[in-house]
Each structure stands twice: as C-alpha cells, then as structure tokens.
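Below is one structure, written out as structure tokens; comments come after it.
The values are calculated or read from the model by the stated rules, or taken from the named source; none is laboratory data. For clarity, every value in this text was computed on a predicted model and none was experimentally measured. Here the Cβ positions follow ideal geometry from the backbone for every residue, glycine too, while neighbour counts run over all protein chains shown. Ligands, DNA and RNA are stripped out before the accessible areas are found, and what is left, the full protein with its side chains, is counted by its heavy atoms. Shrake-Rupley method; radii C 1.70, N 1.55, O 1.52, S 1.80 Å.
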Amino acid sequence: MIRYNGRVQGSDGNAIVGATIAVSDYYNGVLVDLYQEDGVTPFANPVTTDSDGLYYFKINAGRYNFTVLKDGIEANEFDVNIMAMESIFVCAF
C-alpha cells in the first residue's frame, strides 16, 4: 500500500476547502477501495479536503482517474499513475 497525499488549490495558490476527490479505476471507471493509515480500515471514497486543502489515503499501486469537484467550480479529471512509496499531487483549479 502506498500513502497518497494531495492538495487542492486555486490558481492563486489558496487552499480549496471541502473539495471532493473521487478515485476510480482508470480502465473500468469503478470507484476503488481506499484505506486509512493502517492500510486495513476503509476510507470514504470520495475523500474531502480539509481546512488546508489537503487529503490523504492509502491505495494499491496502479493507474487511476481522479475527479475533483467543488460547488461553484468546474470539475477537473486527472489520470494518475501511483507507483512511488509516497505520492504527492497538487490540483489547481
């Protein structure tokens, strides 16, 4: 399992609080299982950014589609290939 850390921010660099990130299988579009720090306890999918625009989860290595949503902002989709022991991703609207 890989710990995946992300941050959602505006083009001005300010955090976007309360954005949701849905993580689905790149090939079939089905939401995947995410896990908490222990790698066993399920984590909600989609995840929600905190007051600093941050989110994290544990996930198996692979190729995923991230859909980032926030009321009043156009949805963004990203193809993400998670392979490193710890990955960091910054999404700017």
Any chance Ala75 is at pLDDT below 95, open to solvent by less than 60 Å² (accessible area, probe 1.4 Å) and touching a Leu at 6+ places or on another chain (Cβ under 7 Å): yes
For Ile16: the one exception among (1) buried (at least 16 other Cβ atoms within 10 Å of the Cβ); (2) within 21 Å of Ala84 (Cα to Cα): (2)
Candidates Tyr26, Tyr35 - the one that is touching a Pro at 6+ places or on another chain (Cβ under 7 Å) and at pLDDT 95 or above: Tyr35
Failed item, numbered, when Ile2 is tested on (1) open to solvent by 70 Å² or more (accessible area, probe 1.4 Å); (2) in contact with a strand residue (DSSP E or B) (Cβ under 9 Å, 6 or more places away or on another chain): (1)
Whichever residue in segment 41-53 is crowded, with 16+ Cβ neighbours inside 10 Å and not in a loop (DSSP other than H, G, I, E, B) and, among such residues, is modelled with the highest pLDDT: Val47
Any pair with Cβ under 8 angstrom, 6 or more apart, that starts in segment 1-16 at a residue that is over 23 Å from Tyr35 (Cα atoms) and ends at one that is open to solvent by less than 30 Å² (accessible area, probe 1.4 Å) and of a type in the set (Ser, Thr, Tyr): Ala15/Thr49
Filter result (open to solvent by 30 Å² or more (accessible area, probe 1.4 Å) and part of a loop (DSSP other than H, G, I, E, B)) within segment 19-31: Tyr26, Tyr27, Asn28, Gly29, Val30
